[in-house]
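The values are calculated or read from the model by the stated rules, or taken from the named source; none is laboratory data. No experiment lies behind these values; they were computed from the predicted model shown. Cβ coordinates were reconstructed from backbone atoms using ideal geometry, including for glycine residues, and neighbour counts include every protein chain displayed.
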Amino acid sequence: MEIAFCQYIFYRAFSLINDVFCVIFIMGYSMLFKYLGTAAAEGFPALFCNCDACKRALNAGGRNIRGRSAALLDGHILIDFPADMLAYKIRYNLDLINIKYILFTHSHIDHLAANELCYYHHWYSNRDTSGSGITIFGNAKVLQLIQDAYKFDTGSMNDSITLCQIELFKKIELGEIIFTPLAAKHDSKEECAIYLIETNESKLLYANDSGPLPDTTYNFLKGTRLDFVSLDCTCGKISADGGHMGFPENLLTKNRLIEQGSADNTTTFISHHFSHNGLVTYDDFSGLAAGSGFISSWDGMELVL
Ligand SMILES: [Zn+2]
Ligand SMILES: [Zn+2]
Ligand SMILES: [Zn+2]
C-alpha cells in the first residue's frame, strides 16, 4: 500500500512537471537576436583611416573590431543589409538562403548595400527558386534604391523579391514576431525608422542612427515596458548634435524611458552603432558604460528575447 502511494505521488509530481514544461513550451516563444555588426558607416577600424582609435582597435582586436550595423533574428529575419554581409555569412557560418524578410531602418549606404542585394537574382545563385523568396520592408527611398540597383544590374526585379513600404507606427506581423517602425530623428530627407520588436516573451527597442528620440516615439512607447533597449551611440562618449546620439544622450534617453514607465531597473540598456570618430574602442567604452548600467554591443552578441 505504501509503495503504491509513493508511486502515485511520484506519478503526480512527474505529470505536474511535464505539464508545466508543456505550458512553457506552448505559451512561450523565445527569439535569438544576433548583432552581426555594431559599427557606424565607416566600420571600426574605418576603411580609410589611421586615427588613434582605429589603430588601437586594430591592435587590440576581438570585440574592438566592428563591422557595419545589422542584426539577424531567429535565422530568417534581417534588419538592414550592409556591404559586410558576405563577411558575416563567412564569419558566423550563416545560411542566407533561410532569410525570408529584411526590414530596413533607412537608406544610408552603411545600412543598405543595394548592389549587394542584386546577388539574390537567379543569375548569381544556384538556390532553389521555387520558394516564396524574400519580402523587403523599407521606406520609399529604400525601395526605390533597390529597384534602381536591380534595373542597373539585371534589368528588372523578376526574382521573388516582394517590396513593402513601411508606415511609421503601423505593426508588421511576421509569424510570432511583431515589428513596429517608430520615428527617428536622423535624416529629414527620408522617413528613418527604429524598430520595436515584440514576442510573447519580451520587447526590444532596436535603434541605430536615431538621434534623440522624437516625442511621437516616446508617446507611442507609453504603456509598454521594454526588456531591452539598444540605442544609437555613434558619437561614443562625445555629446552628439542632430541626427545621432553619443553616450550623454543615451543616458538622457534611459532616464526619460524610466520616468515614463517604459523601462525599469530590470531593463537591459545597450549602446550600439559606434563610429571611430567617437574615439572610443570597445575596451575604452565598456567600463564607462557599465558604470551607468549600460553594456556595449559587440559583433556576434546575442540576446534571447
Ligand atoms: Zn548607420
Ligand atoms: Zn579612425
Ligand atoms: Zn544613417
For Asp241, state whether it is farther than 27 Å from Ser30 by Cα and over 17 Å from the mean Cα position of the chain (by Cα).
-> yes
Segment 115-124 - residue that is farther than 12 Å from Met85 by Cβ and not aromatic (Phe, Trp, Tyr) and, of those, surrounded by the fewest Cβ atoms within 10 Å (Cβ to Cβ) = His122
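Is it true that some residue in segment 95-116 is in contact with a Leu (Cβ under 7 Å, 6 or more places away or on another chain), within 16 Å of ligand 3 (Cβ to nearest atom), under 30 Å from Lys185 (Cβ atoms) and among the β-branched types (Val, Ile, Thr)?
First pass over segment 95-116, keeping only residues in contact with a Leu (Cβ under 7 Å, 6 or more places away or on another chain): 99, 101-102, 104, 107, 112, 114.
Narrowing further to those that are within 16 Å of ligand 3 (Cβ to nearest atom): 104, 107, 112, 114.
Filter once more, keeping what is under 30 Å from Lys185 (Cβ atoms): 104, 107, 112, 114.
Going one step further and asking which of them are among the β-branched types (Val, Ile, Thr), we end up with none.
So far as segment 95-116 goes, no, none of its residues is in contact with a Leu (Cβ under 7 Å, 6 or more places away or on another chain), within 16 Å of ligand 3 (Cβ to nearest atom), under 30 Å from Lys185 (Cβ atoms) and among the β-branched types (Val, Ile, Thr).
Considering segment 86-144 alone, what residues qualify as being of a type in the set (S, T, N, Q) and within 26 Å of Met301 (Cα to Cα)? Reasoning before the result, please.
Filtering segment 86-144 down to residues of a type in the set (S, T, N, Q) leaves 93, 98, 105, 107, 115, 125-126, 129-130, 132, 135, 139, 144.
Passing the criteria: Asn93, Asn98, Thr105, Ser107, Thr135.
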Matching residues in segment 262-295 - criterion: being within 14 Å of the chain's Cα centre (by Cα) and of a type in the set (S, T, N, Q) | Ser271
Do you know which residues across segment 210-224 are modelled with pLDDT of 95 or more and either closer than 20 Å to Pro45 by Cα or touching a strand residue (DSSP E or B) at 6+ places or on another chain (Cβ under 7 Å) (or both)?
-> Pro214, Thr216, Thr217, Phe220, Thr224
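Condition check ((1) under 25 Å from His272 (Cα atoms); (2) modelled with pLDDT of 95 or more; (3) more than 16 Å from ligand 3 (Cβ to nearest atom)) across all residues:
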{"site": "Asp128", "(1), (2), (3)": "no, no, yes"}
{"site": "Gly131", "(1), (2), (3)": "no, no, yes"}
{"site": "Val142", "(1), (2), (3)": "yes, yes, no"}
{"site": "Asn158", "(1), (2), (3)": "no, no, yes"}
{"site": "Glu167", "(1), (2), (3)": "yes, yes, yes"}
{"site": "Ile194", "(1), (2), (3)": "yes, yes, no"}
{"site": "Asn208", "(1), (2), (3)": "yes, no, no"}
From (1) modelled with pLDDT under 95; (2) in contact with a helix residue (DSSP H, G or I) (Cβ under 9 Å, 6 or more places away or on another chain), pick out the condition that doesn't hold for Ile65.
-> (1)
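Across segment 64-90, what is the total count of residues that are of a type in the set (Lys, Arg), touching a residue at least 24 places away in the same chain (Cβ under 8 Å) and away from ligand 2 (no atom under 16 Å from the Cβ)?
The initial filter retains those residues of segment 64-90 that are of a type in the set (Lys, Arg), namely 66, 68, 89.
Applying the additional criterion that residues be touching a residue at least 24 places away in the same chain (Cβ under 8 Å) yields 66, 68.
If we keep only those that are away from ligand 2 (no atom under 16 Å from the Cβ) too, we end up with none.
Looking only at that region, the number is 0.
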Segment 31-59 - residue that is away from ligand 1 (no atom under 16 Å from the Cβ) and within 19 Å of Val229 (Cβ to Cβ) and, of those, surrounded by the fewest Cβ atoms within 10 Å (Cβ to Cβ) | Leu32
Has segment 89-108 got any residue that is among the basic types (Lys, Arg), surrounded by fewer than 16 Cβ atoms within 10 Å (Cβ to Cβ) and within 25 Å of Asp209 (Cβ to Cβ)?
-> yes
Since Met245 meets every condition but one in (1) in a helix (DSSP H, G or I); (2) surrounded by 21 or more Cβ atoms within 10 Å (Cβ to Cβ); (3) without any contact (Cβ under 8 Å) to a residue 40 or more places away in the chain, which condition does it not meet?
-> (1)
List, please: which pairs have Cβ atoms under 8 Å, are six or more places apart or on different chains, and start with a residue in segment 273-300 that is β-branched (Val, Ile, Thr) and end with one that is part of a helix (DSSP H, G or I) and away from ligand 2 (no atom under 16 Å from the Cβ)?
-> Val280/Leu288; Ile295/Ser286; Ile295/Ala289
Taking only pairs six or more apart or across chains, which ones have beta-carbon atoms under 7 Å, a first residue in segment 125-137 that is touching a residue at least 12 places away in the same chain (Cβ under 8 Å) and surrounded by 12 or more Cβ atoms within 10 Å (Cβ to Cβ), and a second residue that is of a type in the set (A, V, I, L, M, F, W, C) and in a loop (DSSP other than H, G, I, E, B)?
-> Ile134/Ile99; Phe137/Phe104; Phe137/Ile166
For segment 181-210, name all the residues that are under 16 Å from Leu226 (Cα atoms), crowded, with 22+ Cβ neighbours inside 10 Å and polar (S, T, N, Q).
-> none
With the first residue restricted to segment 94-109 and required to be more than 16 Å from ligand 1 (Cβ to nearest atom), and the second required to be modelled with pLDDT of 95 or more and in a helix (DSSP H, G or I), Cβ contacts under 7 Å at 6 or more apart or on different chains are Leu94/Tyr88; Leu96/Lys89
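Does at least one position in segment 21-32 carry a residue that is out of contact with any Ser or Thr (no Cβ under 8 Å at 6 or more places or on another chain), outside any strand (DSSP E or B), modelled with pLDDT of 80 or more and away from ligand 3 (no atom under 16 Å from the Cβ)?
The answer is no, given that none of the residues of segment 21-32 is out of contact with any Ser or Thr (no Cβ under 8 Å at 6 or more places or on another chain), outside any strand (DSSP E or B), modelled with pLDDT of 80 or more and away from ligand 3 (no atom under 16 Å from the Cβ).
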